[in-house]
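To keep things clear, I will list the structure first and then write my remarks on it.
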Amino acid sequence: MWPDHRLLDLFKTEFPIVLAPMAGAMDADLTIAAAQGGALGSVPCAMIPLDKAREQFNIVRQRISAPLNMNFFCQKPIEADPARMAGWKQRLAPYYRELGLDPTAPVAAAKREPFNAAMCELVEELRPEVVSFHYGLPDQALVRRVKAAGCIVMSSATIVREAIWLEENGADVIIAQGLEAGGHRGMFLTEDIAGQIGTFALVPQVVDAVKVPVIAAGGIADGRGIAAAFALGAAGVQIGTAYLRCPESRLIAPARVALAQARDDSTVITNVMTGRPARGVANRVMREVGPISPDAPAFPHSATALGPLKAAAEKLGKVDFTNLWAGQAVRLGRDMPAAELTRALAGAALARLSRMAG
Ligand SMILES: Cc1cc2nc3c(=O)[nH]c(=O)nc-3n(C[C@H](O)[C@H](O)[C@H](O)COP(=O)(O)O)c2cc1C
């Protein structure tokens, strides 16, 4: 019934749908629910320590026997520049004062560890069916080890050049991440945000440029979007934002409200929250300091000075400093259990595809 079976054969899932890994917005509950519905469940490991990643993975494995994807970041680390960090703190000082916080108090550094040998050992221990990366791929030696552990390797491309690089460097599947996508842009060979491409234009160009299966990501939130992705030549879809309003996600209550109220033009790409461009519902700091600020320290160091502001504002029920990562299709999101949503998405896509074929 699906026009392309390559991913179903590779992943051995019921549907060619990947629950996007969403670090900070989900845990094992969403992975389990989406996998029970027939999607490839993802375990985002970019923001949790190794033992927590092991724990989350094992919770899922104990509950279901479905294939799983572990997801890591693999950016080239950049040391925090003390002068930039101080300037950033100064830029945010009025907010510290407003919230009654001391801007000179020491702050825990924001951490986003790139994939390393210890994480690779965890992959070798747990042997997920799929490992996906954001921001390119790790060193060749690590990629070889992940593959030798029997894992299918995926990574995101935001331009055709990145897709070709990923294929040449060992990716078995490429996620074409359009500009509509929620969360961080997976860009790694370009820093040109203005040149980033929408899903509709990106997917067919990536499909033409590589031989491996391509997954479409960004702005896909219902059966129409999934059917369109297949019409463009994708072999599957990766969906994030549409799952955020599921009861199994880990959004705090005011973030859930912000997403439920968001409209088509509520999201922007910002570098303010972490130092790397990411799409989310515009909040106060994104509007007042960004959405793009030349003062934001490199990834992930912008998040360091925002930490105390986020915590203090959230205590007051506000998301003024909280990452509200979401894509342009946020308005199509539904409050629905993730297993049910997955089946509804697949059913609607198949119905539309068969109407299109007829
Ligand atoms: C809240 C949120 C967090 C995300 N975190 C990650 C992550 O940890 N790793 C990753 O590879 N992609 C992450 N992404 C990007 C997704 O993989 C994917 O590209 C995106 O969700 C697709 O677009 P959509 O949100 O419009 O469905 C995140 C997206 C969102 C919305």
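The values are calculated or read from the model by the stated rules, or taken from the named source; none is laboratory data. The shown structure was predicted, so the numbers you read here are calculated from the model rather than taken from an experiment. Every residue, glycine among them, receives a Cβ derived from its backbone with ideal geometry; neighbour counts consider all protein chains shown. Note: accessible area is taken over every heavy atom of the protein model, side chains too, but ligands, DNA and RNA are not part of it. Shrake-Rupley method; radii C 1.70, N 1.55, O 1.52, S 1.80 Å.
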Filtered residues of segment 243-254 (kept if of a type outside the set (Ser, Thr, Tyr) and either more than 8 Å from the ligand (Cβ to nearest atom) or assigned to a helix (DSSP H, G or I) (or both)): 245, 246, 247, 248, 250, 251, 252, 253, 254
Which numbered condition residue 86 fails, given (1) open to solvent by 20 Å² or more (accessible area, probe 1.4 Å); (2) touching an Asp or Glu at 6+ places or on another chain (Cβ under 8 Å): (2)
Subset of segment 219-242 [open to solvent by 10 Å² or more (accessible area, probe 1.4 Å), within 14 Å of the ligand (Cβ to nearest atom) and among the small types (Gly, Ala, Ser)]: 219, 225, 228, 240
Verdict on residue 196 being of a type outside the set (Gly, Ala, Ser), buried (at least 18 other Cβ atoms within 10 Å of the Cβ) and farther than 23 Å from residue 28 by Cβ: yes
Selected residue (only one of 245, 256 is touching a Ser or Thr at 6+ places or on another chain (Cβ under 9 Å) and either open to solvent by 20 Å² or more (accessible area, probe 1.4 Å) or among the polar types (S, T, N, Q) (or both)): 256
Check on residue 29, without any contact (Cβ under 8 Å) to a residue 60 or more places away in the chain, open to solvent by 10 Å² or more (accessible area, probe 1.4 Å), outside any loop (DSSP other than H, G, I, E, B) and acidic (Asp, Glu): no
Selection status of residue 1, at pLDDT below 95 and either more than 16 Å from the ligand (Cβ to nearest atom) or surrounded by 24 or more Cβ atoms within 10 Å (Cβ to Cβ) (or both): yes
Neighbours by Cβ (under 9 Å, 6+ apart or cross-chain): first from segment 204-232, among the acidic types (Asp, Glu); second assigned to a helix (DSSP H, G or I) and at pLDDT 95 or above: 208/160; 222/242; 222/332; 222/344; 222/345; 222/348; 222/349
Residue check, residue 185 closer than 20 Å to residue 3 by Cα and touching a residue at least 60 places away in the same chain (Cβ under 8 Å): no
Hey, residue 22 in contact with a Lys or Arg (Cβ under 8 Å, 6 or more places away or on another chain) and within 12 Å of the ligand (Cβ to nearest atom) or not: no
